[in-house]
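Everything below concerns the one structure shown next.
The values are calculated or read from the model by the stated rules, or taken from the named source; none is laboratory data. Source: prediction; values computed, not measured. Please note: Cβ atoms are built from the backbone with ideal geometry, for glycine as well, and neighbour counts cover all protein chains shown.
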Amino acid sequence: MVANRSQVSDGLYMTEEQYLVLDDATDGKYERLGGMVTMLRPPSSLEGADESVLDMAGGSDAHAALIMRLGLLIGNQLEDAPCVVYSGDRRLKLPEGNHLFPDVTVACGEESSSLPANPTVIIEVLSPATQKRDRGAKLVAYKMLPSAQEYLLIGSEAQEIVVYRRESHWRPYHYRSGDQVELKSIGVSFPFDAVYRRILI
């Protein structure tokens, strides 16, 4: 079964096997969460075919710039660490057949497959279309990964940084301008203001 673009943009139930067939059959980007498959990026063969379909990935200049900024801020501090920083093009396989594409993933230690199996830090940049899932269902799904220690949410429409930590039972820590943001699990910190410098929100 291969769904058409409009079905998947709004969410469509698929088994994990059906999802993997869809993922292998196209250059589009899809997530599966709780059995529902959502399109993040349409297949190149269908781009422009239906302008009413929402691109779930955000797509704003601020969203793209924030992903790049976070990768640089974190990656530069991990040059000598046994960790790899992945972009949002790297699919993450989670328990219960969930497959997600976090905007940034930091995986440490040995890789057991072609997918990062042991993410330590997972980062999502919020957009109007995704923030409800990022704050709710995705947080629940990421907490099920034994290796996940911190989940970072970054605002793209307002300056907002929230870090959830396993060590404190996933309590949220809110940061604001002037703060030093800490990712304790990987020994990385950076100024809140460095994240948003020259990025128009």
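Hey, among Gly71, Gly59, Gly75, which residue is in a loop (DSSP other than H, G, I, E, B), over 11 Å from the mean Cα position of the chain (by Cα) and surrounded by fewer than 22 Cβ atoms within 10 Å (Cβ to Cβ)? Talk me through it step by step, then tell me what you get.
Numbers: Gly71 fails: in a loop (DSSP other than H, G, I, E, B); Gly75 fails: in a loop (DSSP other than H, G, I, E, B).
Residue meeting the stated conditions: Gly59.
Of the numbered conditions (1) within 16 Å of the chain's Cα centre (by Cα); (2) of a type outside the set (Gly, Ala, Ser); (3) surrounded by fewer than 20 Cβ atoms within 10 Å (Cβ to Cβ); (4) more than 19 Å from Thr38 (Cα to Cα), Val85 satisfies every one except a single condition; which is it?
(3)
Can you tell me which residue within segment 27-56, out of those that are more than 22 Å from Ala137 (Cβ to Cβ) and either charged (D, E, K, R) or modelled with pLDDT of 90 or more (or both), is nearest to the chain's Cα centre (by Cα)?
Top of the filtered list is Asp27.
Could you tell me whether any residue of segment 148-158 is loosely packed, with under 15 Cβ neighbours inside 10 Å, modelled with pLDDT of 95 or more and more than 17 Å from the chain's Cα centre (by Cα)?
yes
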